[in-house]
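What follows is a short report on a single structure.
The values are calculated or read from the model by the stated rules, or taken from the named source; none is laboratory data. These figures come from a predicted structure and were not determined experimentally. FYI the Cβ positions are ideal-geometry reconstructions off the backbone, even for glycines, and counts take in every protein chain you see. SASA here: full protein model, heavy atoms, side chains in, ligands and nucleic acids out. Shrake-Rupley method; radii C 1.70, N 1.55, O 1.52, S 1.80 Å.
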Amino acid sequence: MITSGAFNYINILDKAADASWLRESAITNNLANVDTPGYKRQEVDFEGLLERELRKSKYITLDEKVKDLQGVHLNHLNATTYTDSANYSYRLDRNNVDIDTEEVELASEQIRYSALTDSIDQEFSRLKSVMG
């Protein structure tokens, strides 16, 4: 993590990419356990974590919050995996993984991760062009 104000967007994009990678790992783990009796799917909620962190300074625009990281503590933006036990299973083996849903989520997450890493590259390119 770079602690200069010029890298605020990059730092948040980096945290989002880390969360995306973690979510992709959770989804592949869910797919691997689709036939495991009693298995409960794993999930990652980075977006909710970021939203709660940004709400701490509610009278500032989103651009200002991210630009100045006002009210946002990057060390609070570490996404973790949790068990989705609220997604009850109708299967007899009590496994709540739906293979079709997980495959769609995996494809979506791969696109998200690619977009995040492209955005990070573009931010560095912008900084490079300003410095060069």
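Here are the numbers for the structure shown:
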{"quantity": "Answer residue from the stretch 25-60, given it is in contact with a strand residue (DSSP E or B) (Cβ under 9 Å, 6 or more places away or on another chain) and acidic (Asp, Glu) and is nearest to residue 104 (Cα to Cα) among those", "calculated": "43"}
{"quantity": "Residues of the stretch 85-105 that turn out to be surrounded by fewer than 16 Cβ atoms within 10 Å (Cβ to Cβ) and on the phi < 0 side of the Ramachandran plot, as a count", "calculated": "13"}
{"quantity": "Cross-chain or 6+ apart pairs with Cβ under 6 Å, the stretch 18-39 first and over 17 Å from residue 101 (Cα atoms), then open to solvent by 30 Å² or more (accessible area, probe 1.4 Å) and part of a loop (DSSP other than H, G, I, E, B)", "calculated": "37/93; 38/94"}
{"quantity": "Residues of the stretch 6-40 satisfying the condition of being touching a Phe, Trp or Tyr at 6+ places or on another chain (Cβ under 6 Å) and either open to solvent by 50 Å² or more (accessible area, probe 1.4 Å) or among the polar types (S, T, N, Q) (or both)", "calculated": "20, 33"}
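A quick yes/no check of all residues on (1) at pLDDT 75 or above; (2) outside any loop (DSSP other than H, G, I, E, B):
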| residue | (1), (2) |
| --- | --- |
| 19 | yes, yes |
| 48 | yes, yes |
| 60 | no, no |
| 75 | no, yes |
| 78 | yes, no |
| 89 | yes, no |
| 92 | yes, no |
| 96 | yes, no |
